[in-house]
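Engineer: One structure is given below, represented as structure tokens, and several questions about it will come after.
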Amino acid sequence: MAVQREAALAYARTHQNVFLETLKEFLRFPSVSTLEQHRADMETTARWLADYLRSLGVTRVNIYPTDGHPVVYGELITAGPNAPTLLVYGHYDVQPPDPLDLWESPPFEPTVRGERLYARGAADMKGQIIGVLAAVEALIRTGDLPVNLKFMFEGEEEIGSPHLADFITRHKEMLTCDVSLNADAGIMGAEEPSITYALRGLAYFELHVQGPAQDLHSGVYGGVVHNAAQALAELIATMHDEKGHITVQGFYDQVRPLDEEERQALQRLPLDERFFLERTGAPALWGEPEYTPVERVGARPTLEVNGIIGGFTEPGVKTVIPSQASAKISCRLVPDQDPEAIYECLRRHLETHAPPTIRWELKYIVGAKPALIDRKSRWVQALAQAMQTVWNREPFYKREGGTVPVVAQVKEILGVDSVMAGFILPDADLHAPNENLHLPTWYRGIETYVHYFCNLCT
């Protein structure tokens, strides 16, 4: 295995330009899952990915339709029954590129500037998919693959993976594995390897407020009728106290507390107050004072207003009392919170605090459960060893504030943990103009995957 490991690493280094050109080809597809006008592009991207898997010798490659966008599946079961089987997860859909005028180069024309590749999906997560497959290619072109692999690439992660749980359930036997390798993660910095072992869940709502039957003249009816926009703002204001604690009764009931060992481990991360101030441009931080910033973004739940709609917002003057107003509200959840239980808490809160002067409706849009992975498992430690080899330093362990729905779905349906691997840097501008992939880190990531697959069979 040592001989093949070195041969595979040599192959990966001499084929970096080939891997880069393959990634550029992948990135040119505008696979925007949330926009109907890109439905045909989604199908084309899925076919390209299936063909690429076949070119690597992957078998049982199939494009499975769902009620939304298709799932691409394939297998490399060549290492024998005693070798571990990994389910490699990825998503080929991307976010919309807007606003286009802020891109320095076209979002679907990949462009290298300096050490970075700029394109929508370069980091999230087409680059991550090709990184894993490049390591697989390096191993199979220089010998035998040391592990069995199954590949599951979906097209709906950017819209909450609404059909993935059903797909996994219907194909549970086909997807049987020992662990899932999820490459949809990042590291702390180019010289700071790190492993994500926890993800927050999500509960997303729309709150609609109805006041009068129609918009009213603010001079004729002002002071008599409750303004829907004002009523909405007042309701939202009841959901936090002045220090950032969520005041919705029952919201914190299922939150798993941090133990002292984990709090100390989190403090190793280079994510102090200065880091967040520099990254956000905010004049000061805000939130629960009992917790450090890094604990707040990874180990504590949140309730955020993502947008407010109501009344007259065009240029000029219109003196109106709006009859309707709405807000989009998201809650990031931590173990052991449940999205549907949070919906009930918020609904009861509104029943208590909404005045009789309005009617309201709370819509539950989408939910995803949080995930917590055993960072001491053999699967995680094999990755830590691989990072140690490539970077020559011990990796950090971190909780991620974002949500990757498939991690909880794989745990709940298939009964296996996920290993969060990936090599996005914090300044990759995910979901924003000029999304980018740091190529030296990406090449290191490919070598890390080679070591990882080899470590699992030693």
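Engineer: Could you tell me which residue out of 220, 379, 89 lies farthest along the dipole of the chain toward its positive end? Charges go on the beta carbon: Lys and Arg +1, Asp and Glu -1, centred on the Cα centre.
Structural biologist: 379
Engineer: Mind giving me the FRET efficiency for residue 284 and residue 16? R0 is 35 Å, r the Cβ-Cβ distance, nearest 0.05 is fine.
Structural biologist: E(calc), rounded to 0.05, equals 0.20.
Engineer: Given the rule -39500 (n - 2.57) for each run of at least 4 DSSP H residues, summed and divided by the residues of the chain, what is its mean residue ellipticity at 222 nm, to the nearest 500 deg cm²/dmol?
Structural biologist: For the chain, the value works out to -10000 deg cm²/dmol.
Engineer: Near residue 59, within a Cβ-to-Cβ distance under 13 Å, what is the net charge of the other residues, with Lys and Arg +1 and Asp and Glu -1?
Structural biologist: Net local charge, residue 59 excluded: +2.
Engineer: List, largest first, the extents of the alpha carbons of the range 327-458 along their principal axes, each in whole Å.
Structural biologist: 65, 38, 22
Engineer: Using only Cα atoms, locate the centre of the range 71-110 and the centre of the range 253-269, then give the distance between them in Å, rounded to an integer.
Structural biologist: 31 Å
Engineer: Given a Förster radius of 41 Å and the C-beta distance between residue 226 and residue 35 as r, what FRET efficiency does 1/(1 + (r/R0)^6) yield to the nearest 0.05?
Structural biologist: 0.65
Engineer: Does the range 114-211 come out rounded, prolate or oblate, given a ≥ b ≥ c as the square roots of the eigenvalues of its C-alpha gyration tensor, rounded meaning a/c under 1.5 and, failing that, prolate meaning a/b above b/c?
Structural biologist: Oblate is the answer for the range 114-211, as a/c is 1.5 or above yet b/c matches or exceeds a/b.
Engineer: Please list, or write none, the lysines whose alpha carbon is within less than 22 Å of the alpha carbon of residue 24, excluding same-chain residues fewer than 8 places away.
Structural biologist: Cα-Cα hits under 22 Å: 126.
Engineer: Using 7 Å Cα-to-Cβ label points, what is the residue 172/residue 392 separation (nm, one decimal)?
Structural biologist: My value for the distance between the label points is 4.9 nm.
Engineer: Under a straight-distance cross-link criterion of Cα-Cα below 17 Å, which aspartates and glutamates are reachable from residue 150, leaving out those fewer than 8 residues away in the same chain?
Structural biologist: Partners found: 51, 75, 137, 173, 178, 184, 417.
Engineer: Separate question: Would you calculate the convex hull of the Cα atoms in the chain and tell me its volume per residue in Å³?
Structural biologist: 161 Å³
Engineer: Which helices, taking whole DSSP H runs in the chain, have alpha carbons extending 15 angstrom or more along the helix axis plus mean Kyte-Doolittle at least 0.5?
Structural biologist: 126-140
Coordinate-derived values only; no laboratory data. If you're wondering where the values come from, they're calculated on a predicted model, not measured in any experiment. We place every Cβ from the backbone using ideal geometry, glycine too, and count neighbours over all the protein chains shown.
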